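Novice: Below you'll find the structure I mean.
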Amino acid sequence: MNRILAILTIDTDNLPDNFQEIIKHEQEVIAKWKEEGIIDHLFLRQTKNGAVLIFKDIDEEKVKELMTILPLYKLKKSIEYLSLIKQF
């Protein structure tokens, strides 16, 4: 079972006025992905400047494509991707 870790950092110095609406839409997209079984975990960062998403059973190219769909993607400062192997 492969996992891809995506670490999203947003630019908190330039948040738009409709940031709360963006967050709501973000949550809807993540909920859909959870239902589809492609998200294993989502962690918010304590610094409140991003999140860590763990995707399962899809390749890194697909993860990169999906990340562009996220509403917060437009506010990104950086994104880091790590391929992981889950050990049992």
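Novice: Can you list the residues, at least 5 places off or on another chain, whose amide H is less than 5 Å from the amide H of Arg45, using H built in the peptide plane?
Specialist: Correct list: Gly50, Ala51, Val52.
Novice: I want the local charge near Asp11. Using Cβ-Cβ distances under 14 Å, sum +1 for each Lys or Arg and -1 for each Asp or Glu among the other residues.
Specialist: Spelling it out: positives minus negatives among the neighbours equals +4.
Novice: Relative to the longest principal axis of the C-alpha atoms of the chain, give the angle of the C-alpha long axis of helix 19-36, reported between 0 and 90° and rounded to the nearest 10°.
Specialist: That works out to roughly 20 degrees.
Novice: Using a simple charge model, +1 on the beta-carbon of Lys and Arg, -1 on the beta-carbon of Asp and Glu, nothing else, what dipole does the chain show about its Cα centre, in debye to the nearest 20?
Specialist: Around 240 debye, computed over the chain.
Novice: Let me ask something additional. First check a/c for region 25-88, with a ≥ b ≥ c the square roots of the eigenvalues of its C-alpha gyration tensor; if it is under 1.5, answer rounded, and if not, answer prolate when a/b is larger than b/c or oblate otherwise.
Specialist: rounded
Novice: When the chain is fully extended, how far beyond the present Cα-Cα distance does Ile7 get from Glu61, taking 0.36 nm per residue of separation?
Specialist: 18.0 nm
Novice: Just to check I understand the Karplus step: with θ = phi - 60° and J = 6.51 cos²θ - 1.76 cosθ + 1.60, what whole-Hz values come out for region 3-9, glycine and proline as x?
Specialist: 9, 10, 9, 10, 10, 9, 10
Novice: Another question about this same structure. Could you provide, to the nearest whole Å², the per residue accessible area of the chain with probe 1.4 Å? Walk me through the numbers before you get to the answer.
Specialist: Working: 6020 Å² over 88 residues.
Accessible surface, normalised per residue, equals 68 Å².
Novice: Can you tell me the length gained on complete extension of the stretch Leu15 to Leu84, counting 0.36 nm per residue apart and subtracting the Cα distance?
Specialist: Details: separation 69, 0.36 × 69 = 24.84 nm, distance 3.14 nm.
Extending this stretch completely gives an extra 21.7 nm.
Novice: When the accessible area of the chain is computed with all protein chains present and a 1.4 Å probe, what percentage of it is carbon and sulfur?
Specialist: Ligands and nucleic acids excluded, carbon and sulfur reach 51 percent.
The values are calculated or read from the model by the stated rules, or taken from the named source; none is laboratory data. Computed from a prediction, not measured in an experiment: that's the story for all the values here. Don't worry about glycine lacking a Cβ; one is built from the backbone with ideal geometry, like all the others, and counts go over all protein chains shown. The accessibility values were calculated without ligands, DNA or RNA, using every heavy atom of the protein model including side chains. Shrake-Rupley method; radii C 1.70, N 1.55, O 1.52, S 1.80 Å.
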